[in-house]
Amino acid sequence: MYHLIVFLPLIGFLIAGILGRLIGARGSEIVTTSLLMVSAVLSWVAFFQVGFGSGTTRVQVATWLASADLRVDWAFRIDTLTAVMLVVVNTVSSLVHLYSIGYMHEDPHRPRFFAYLSLFTFAMLMLVTADNLVQMFFGWEGVGLASYLLIGFWYQKPSANAAAMKAFIVNRVGDFGFALGIFLVFVLFGTVAFDGIFPKAGELVNQNFRFLGHDWNALTLASLLLFMGAMGKSAQFLLHTWLPDAMEGPTPVSALIHAATMVTAGVFMVARLSPIFEYAPAALTVVVVIGATTAFFAATVGLVQNDIKRVIAYSTCSQLGYMFVALGVGAYSAGIFHLFTHAFFKALLFLGAGSVIHAMHHEQDMRNMGGLRKYIPWTAAAMTIGNLALTGFPLFAGYFSKDAIIESAYASVEHGGFASSYAYVLLVVAACFTSFYSWRLYFMTFEGQPRWAGHGHHDDHAHGHDDHAAAHHGSHDANAKDDHAHASHGHDDHGHGHDHTPHESPLVMMVPLAVLSLGAVFAGLAFKGAFIGEGYEHFWKAALFTGKDNHILHEMHEVPGWVVASPFVAMVIGFLVALYMYMLRPDVPGKLAAANPVLYRFLLNKWYFDEIYDFLFVKPAMWLGRFLWKKGDGFVIDGFGPDGVSARVVDVTNRVVRLQTGYVYHYAFAMLIGAAGLVTWYLLTRG
């Protein structure tokens, strides 16, 4: 069964990738989608067998490499954590495949698209089933490659190519740390297999390791290096810049990257390596601080974005911060629970946004939408469910997992000190912001007056509706940069502006929305007990390690009532402010932005991280590259190196060639000179 779950997507990739031209686009769609559906159904079977039965096992596939002390098996480690991830990855991926049949129906390169989607899924499955760090690294790099291929799928667009490169390069930074972490673990433990590492972790608590001229606690150093990898993959603060740009890919790709694959890899990895992290409290503090900072930072930027996909992208970034806070305070199961529920409602929001973009003929700017609820009621309903789950409305999926994280942050204040207090405050503030930008997105898109062509698009600009007034305050450059993606979407864009009436998406796109809506409503309620409640021990068995002093799951149920209520209050405040600013007084956002131009531009330009990195890293690297190319390669190597030498040889031979004239007296003259030279040399040396 596990062989099927992991290898069916690979088979789909090979069939669509190699035989795509033979079986055509329709064949590729059907093969890859049906194989993933089978994989998803089997994943649910595995989930119930392992989580609620006793199906924990190890499946040996092959010996990958054996060299001296290093032995790497290709094996599947099947425990509850793996089973949860299998469900998340395969369920979302199969629905994204199904949805893409409708969304990509005009694209001429569908076989390639579906092949890439299946490859992405296979790489993620390799990562989550990994039995050792090397196999995990293989899957880790595999999702990096697949994300590069998918983000840059419309390679005719320079912006898509740039975004794909950015995702790849920023991830290399994190992966460098991850690779160093794996090397260090091998040095410390003598093995890369989890079964060899985890039992020994406790013995190395006080061991030091010399690195960069300093003595570090060995486990803390290993944890920090490994976490650096997670920061890249899961787009945490400082290594987050690639995630919003990943929007350049087709919308189903955004849903896959942001909900199930890629970004959840870092969270999974920290949870999987909980036995190492648990003995490195300093590293866990770093995880908490980075997670809380990310949650807050991304939420602030999400407040002012105008591209419907970018708003959802920043909410992903923010929610990943929540997951890391949970991991950092030791509530690993709460972090994975949020990963699980988040997959459903985030995929729902992205695919819902895709349905809106489809209805609006590839328009992504929310300032050109409005009043869409009458035209696409089912999409509006799906987005509403997604919003309720994301903002943590009682009884929806996000309510159970998000509140559990905020409670665990507060519960850990006693032994977590400043970091936990910092996390608690920022997470509650981020919850308020999340609610605001989620409802802002909903009101701007689905309510109010239509602001698209044929509907008095221009009168709305008059009263500075929805930040337009502010956009004229010198921040047009940023918007123009963000919104150029709408112009060419790799399709012919129907060739005629936006005069059509928006229409509901086809059934093949609505079914995945319906299924994900069920998950967004019930996933929290159904599995709360197993993930973080009374059934915790039986469900997780030994998949997540918690030290003997770690009672966070018990403590978080005993926090004061006002702590439990705080995320709900924050959510209501965010909703009311959005309602006031975008429904009751639509002139307010423009005035506010005009009154605070510095703050508005700071947020609109994403805290200027791209500009700073451009100045610090990109431009110097480009300068160095150009210098080495022009001066190093062109002038020195070509001038004096092999090219230079070969040019001199050619010069000399050209001159020598002139001696070969074909006249006998020339040769006789040359022989006489030679004879004279020999005689002279003989006389001189004898004398």
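Mind putting a number on the dipole of the chain about its Cα centre? Charges go on the C-beta only, +1 for Lys and Arg and -1 for Asp and Glu, and I need it in Debye to the nearest 20. Display every interim value, and only then the final one.
Details: 39 positive and 46 negative charges, 299 e Å.
The dipole magnitude comes to about 1440 debye.
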Working out 0.36 nm times the residue gap between Val645 and Trp562, then minus their Cα-Cα distance, what length gain in nm do you get to one decimal? 21.9 nm
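So for the chain, averaging the separation of alpha carbon pairs under 8 Å that are six or more residues apart and normalising by length, what relative contact order in percent results? Intermediate values should be presented prior to the final figure.
Numbers: 1143 pairs, mean separation 90.4, N = 687.
Once divided by the residue count of the chain, the mean separation gives 13 percent.
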Pseudo-spin-label distance Asp614 to Ile573, built 7 Å along Cα→Cβ, given in nm, is 3.5 nm
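For the pairs Lys166/Lys402; Lys528/Lys606; Lys233/Lys402; Lys374/Lys591; Lys157/Lys233; Lys157/Lys606, flag any whose C-alpha to C-alpha distance is greater than 26 Å.
Working: Lys166/Lys402 30 Å; Lys528/Lys606 35 Å; Lys233/Lys402 21 Å; Lys374/Lys591 29 Å; Lys157/Lys233 24 Å; Lys157/Lys606 23 Å.
Over 26 Å Cα-Cα: Lys166/Lys402; Lys528/Lys606; Lys374/Lys591.
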Sort 223-232, 174-183, 551-560 by the packing proxy (mean of other Cβ within 10 Å over each peptide's residues), most packed first. 223-232, 174-183, 551-560
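Return the FRET efficiency for the residue pair Ala162, Val205: r is the Cβ-Cβ distance, R0 is 51 Å, and the value is rounded to the nearest 0.05.
On the way: r = 45 Å, r/R0 = 0.89.
Efficiency, rounded to the nearest 0.05: 0.65.
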Taking only the alpha carbons of the range 561-615, the radius of gyration and the largest Cα-Cα distance, Dmax, both in angstrom, are 16.0, 48
To the nearest 0.05, how large is the calculated FRET efficiency for Gln49 and Leu518 if R₀ is 22 Å and r is the Cβ-Cβ distance? 0.50
Pairwise over distinct Cα atoms, reciprocal of the mean inverse distance: report the Kirkwood radius of the chain in Å, one decimal place. 27.1 Å
Carbon/sulfur fraction of accessible area - the range 1-110, other protein chains in place, 1.4 Å, %: 67 percent
Mind checking the full-extension length gain between Tyr375 and Met671? Use 0.36 nm per residue of separation minus the Cα-Cα distance, one decimal, nm. 96.5 nm
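Averaged per residue, what accessible area in Å² does the chain show with a 1.4 Å probe, protein chains only?
40 Å²
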Mind giving me the nanometre distance, one decimal, between the label points for Ala595 and Glu106, set 7 Å out from Cα along Cα→Cβ? 4.2 nm
The range 614-659 to the range 27-60: how many Å between their Cα centroids? 57 Å
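Just subtract the alpha-carbon distance of Lys631 and Leu212 from 0.36 nm times their residue separation and send over the number in nm, one decimal. Provide the component values of the computation, followed by the final result.
Values: separation 419, 0.36 × 419 = 150.84 nm, distance 3.26 nm.
Additional length available on full extension: 147.6 nm.
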Within straight-line cross-link reach of Lys548, lysines at Cα separation under 19 Å, skipping those fewer than 8 residues along the same chain: Lys200
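Just to confirm a number: summing +1 for Lys and Arg and -1 for Asp and Glu over residues other than Arg373 whose beta-carbon lies under 13 angstrom from that of Arg373, what do you get? It would help to have the intermediate numbers written out before the result.
On the way: positive: Lys374; negative: Glu447, Glu504.
My count for the surroundings of Arg373 gives -1.
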Report the paramagnetic label zone for Met622: residues of the range 146-160 whose backbone N is under 13 Å from a point 7 Å from Cα along the Cα-to-Cβ axis. none
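At a 1.4 Å probe radius, carbon and sulfur cover how many percent of the accessible area of the range 308-457?
On the way: 2030 of 3080 Å².
Summing carbon and sulfur atoms, their accessible area is 66 percent of the total for the range 308-457.
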Pick out, from Phe617, Gly266, Ala565, the residue whose Cα sits farthest towards the positive end of the charge dipole of the chain, with +1 on the Cβ of Lys and Arg and -1 on the Cβ of Asp and Glu. Phe617
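The values are calculated or read from the model by the stated rules, or taken from the named source; none is laboratory data. What you see is a predicted model; the values in this text were computed from it and never measured. Here Cβ is always computed from backbone atoms with ideal geometry, including for glycine, and neighbour counts include all displayed protein chains. Accessible surface areas use protein heavy atoms only, side chains included; no ligands, DNA or RNA. Shrake-Rupley method; radii C 1.70, N 1.55, O 1.52, S 1.80 Å.
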